[in-house]
Amino acid sequence: MAKKLIGYGNFFCWNCGNRIEKGKKMCPFCSSKYGGEDRYGNVSALGAGGTGWSNNTAHPCFKQYYKNSQRYGLIWLIGISILVPAVLLLSGEIKLEAEGIMVMVGVIAVFWSIGLIFLFKNRGDKTAWDGIVEDKKTFQKSRSRKDREGRKYRESYTEYVVYIRKQNNDIFELMEEDSAQYDYFNIGDYLHYHGDKWLHYIEKYDKSLDTTIFCASCRSICDIRDNYCERCGCILLKGGKHVL
Ligand SMILES: [Zn+2]
Ligand SMILES: [Zn+2]
């Protein structure tokens, strides 16, 4: 149960999606191999993603993932609410008197308000749209940061932007500080944004030339030959079989 809560290693079979134990070489349900060069046999990545929209977007795993992350978030919040006052009391930072109790209540209230907003906020736009990748650009930027002694310094970073033209002609800017999605989307790609209650994911129409795919729930980068995300067990939104 504790292992289940913190999450570690490979948890789910990449082929059948069943929960498995770490350290196994082969899935006890479907006999798929986990490691090694022959994990996929002679199946090539090219074409494995298929072409066309996935018909698994209504799969119950997306709702399940969302509900689970809310549940784990609440468990963490409760844990912190016990741990922080305990540490403050034991270290002698605060005492069990009116002022000390006020401080503790204040600290816990801050944790809870941030935590609840984070857990129950709307994850992005709820309206679905279609679009085409029009451009990609990188920007070198810098920002001010503070080190552990409180001294300010400039930190430079790269901003990766993918420009998507939506069907209503608006431009949607997909902005990130790592290149994962920037590398995944190519100019000319036809896309669909799934904006329903549990799923917030930009799907590519033609996945046949890709070697990787993002998990729509936990955003892990998976091999395109996988059917399920090894980390969270959600089904990967691949297209139909690609016919050459
Ligand atoms: Zn399996
Ligand atoms: Zn996942």
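The values are calculated or read from the model by the stated rules, or taken from the named source; none is laboratory data. The structure displayed is predicted, hence computed values, not measured ones. When we count neighbours, we look across all protein chains shown, and the Cβ atoms used for this are built from the backbone with ideal geometry, even at glycine. Accessible surface areas use protein heavy atoms only, side chains included; no ligands, DNA or RNA. Shrake-Rupley method; radii C 1.70, N 1.55, O 1.52, S 1.80 Å.
About its Cα centre, the dipole of the chain is roughly 620 debye, where the only charges are +1 on Lys and Arg Cβ and -1 on Asp and Glu Cβ.
Show that you can apply the helix-only estimate: for the chain, add -39,500 (n - 2.57) for every DSSP H stretch of four or more residues, divide by all residues, and state [θ] at 222 nm to the nearest 500. Can you show the working numbers first?
On the way: 4 runs with 63 residues, N = 244.
It comes out at -8500 deg cm²/dmol, rounded to the nearest 500.
When the listed pairs 33/238; 25/207; 126/238; 126/204; 63/204; 67/126 are checked against a 24 Å cut-off, the alpha-carbon distance exceeds it for 25/207. Take the alpha carbon atoms of segment 174-201, find their center, do the same for segment 67-121, and report the distance between the two centers in whole angstrom. If you average the Cα positions of each part, the centres end up 35 Å apart. The distance between label points at residue 187 and residue 146 comes to 4.3 nm (points 7 Å beyond Cα on the Cα→Cβ vector).
Stretching residue 196 away from residue 55 to a fully extended chain increases their span by 49.3 nm, per 0.36 nm per residue minus the current alpha-carbon distance.
Please state, rounded to one decimal and in Å, the Kirkwood hydrodynamic radius that segment 115-188 gives when every pair of distinct Cα atoms enters the mean of 1/r. All intermediate terms of the calculation are to be shown ahead of the outcome.
Values: mean 1/r = 0.0668 Å⁻¹.
Value: 15.0 Å, from the Cα pair sum.
On the basis of the beta-carbon distance and an R0 of 30 Å, residue 120 and residue 95 show a calculated FRET efficiency of 0.30.
For the chain, the fraction of 1.4 Å probe accessible surface lying on carbon and sulfur atoms is 56 percent. Relative to the longest principal axis of the Cα atoms of the chain, the long axis of helix 61-90 makes an angle of roughly 20 degrees.
Kindly sort 59, 194 by accessible area of their heavy atoms, largest first, with the probe set to 1.4 Å. Kindly include the intermediate steps, with their values, before the conclusion.
On the way: 59 60, 194 25 Å².
The ranking, largest first, comes out as 59, 194.
Running Debye on the chain with equal point scatterers at the Cα sites and no solvent, what base-10 log of I(q)/I(0) appears at q = 0.18 Å⁻¹? Results for the chain at q = 0.18 Å⁻¹ read -1.37.
A probe of 1.4 angstrom, applied to the heavy atoms of all protein chains, finds residue 114 with accessible area near 110 square angstrom.
Taking only protein heavy atoms into account and a 1.4 Å probe, give the accessible area per residue of segment 130-195 in Å².
Numbers: 4350 Å² over 66 residues.
Value returned for segment 130-195: 66 Å² of accessible area per residue.
Straight-line reach from residue 146: taking Cα to Cα under 17 Å and skipping same-chain neighbours fewer than 8 places apart, the aspartates and glutamates in range are 155.
Sparsely packed loop sites in segment 121-164 (the GluC sites (Glu not before Pro) outside DSSP H, G, I, E and B with at most 10 other Cβ atoms within 10 Å) comprise 149.
By the scheme Lys and Arg +1, Asp and Glu -1, what is the net charge of all other residues having a beta-carbon under 13 Å from that of residue 140? Net charge in that neighbourhood comes out at +1. I'd like the orientation of helix 98-120 relative to the chain: the angle between its Cα long axis and the longest Cα principal axis, in ° from 0 to 90, rounded to 10. Once rounded, the angle reads 10 degrees. Placing dummy labels 7 Å off each Cα toward the beta-carbon, the span from residue 18 to residue 138 is 4.4 nm.
For segment 80-121, what ratio Rg/Rh do Cα atoms give with a Kirkwood hydrodynamic radius?
1.07
By the rule of a second cysteine Cβ within less than 4.7 angstrom, the chain holds isolated cysteines at 222. Computed extension gain for residue 177 through residue 155, at 0.36 nm per residue and net of the alpha carbon distance, reaches 6.6 nm.
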